[in-house]
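One structure is given here, and the rest of the page talks about it.
Please treat every number below as a calculation from the coordinates, not as lab data. None of these values were measured; they are calculated from a predicted model. We place every Cβ from the backbone using ideal geometry, glycine too, and count neighbours over all the protein chains shown.
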Amino acid sequence: MSMGGMIANIAMLVGTSALVGFKFAMLTKMTGSLYMAMGDHFVNNTIVNLLHVVSATGVDEEIAVLINDIFYLESVDKKVFVYCEKEVFRSNYKLYELEEMLSQAGFVRVSKSVLLNIEKLMGLKTLVNSKLEARLSNGESICVTRKYLKDIKSELLRRNKG
């Protein structure tokens, strides 16, 4: 990264931190409760999740990935990959940590190594080896273990009620 790019990133980080701090202080002052500001902060972090990923260039950096842009997350050889429509990132989180963070955002475990964004699911197809195939809105297919079918159905029902 060039010196100018680094300075621009630092300025953006400081500016964003100042705005978030100001918003936090204003919510606390307006409501008289620290919990309202903390709740707002939690909701914002659920909607726009910062994932610590390794970029395509191999540089370790923090990139904002919108949860709605994620199709699925997969653990391969103790590394977790975040699959978006056109990009794949590597996360430093463990799959179970991401499962906890993203469970309320519509992510459900579909196999031992995969979490699926239920919003990207187009359909399920039965395979001969007692597994299922999930078809995603980007045309990709991933294997689903029957063990997790109940969780998928529950999440679909919860989404349709809300």
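Where Lys and Arg each count +1 and Asp and Glu each count -1, what net charge lies around Ser154 among other residues with Cβ under 13 Å from its Cβ? Once all neighbours under 13 Å are counted, the net charge is +4. For the range 72-99 and the range 101-162, write down the distance between their C-alpha centroids in whole Å. First find each Cα centre; the distance between them is then 16 Å.
Report the net charge of residues surrounding Thr126, where surrounding means a beta-carbon distance below 11 angstrom and charges are Lys +1, Arg +1, Asp -1, Glu -1. Walk me through the numbers before you get to the answer.
Details: positive: Lys125, Lys131, Arg146; negative: Glu133.
Net of charged neighbours comes to +2.
3J(HN,Hα) couplings calculated from phi for the range 90-107 with the Karplus curve 6.51 cos²θ - 1.76 cosθ + 1.60 (θ = phi - 60°) are, in sequence order, 10, 9, 8, 6, 7, 4, 5, 5, 5, 4, 5, 5, 9, 4, 7, 9, x, 9 Hz; Gly and Pro show x.
Modelled spin-label separation between Lys29 and Ile7, with each label point placed 7 Å from Cα along the Cα-to-Cβ direction: 3.2 nm.
Could you pull out the pairs from Lys120/Lys161; Lys79/Lys112; Lys112/Lys150; Lys131/Lys153; Lys79/Lys153 whose alpha carbons sit more than 24 Å apart here? Checking Cα-Cα distances, Lys79/Lys153 exceed 24 Å.
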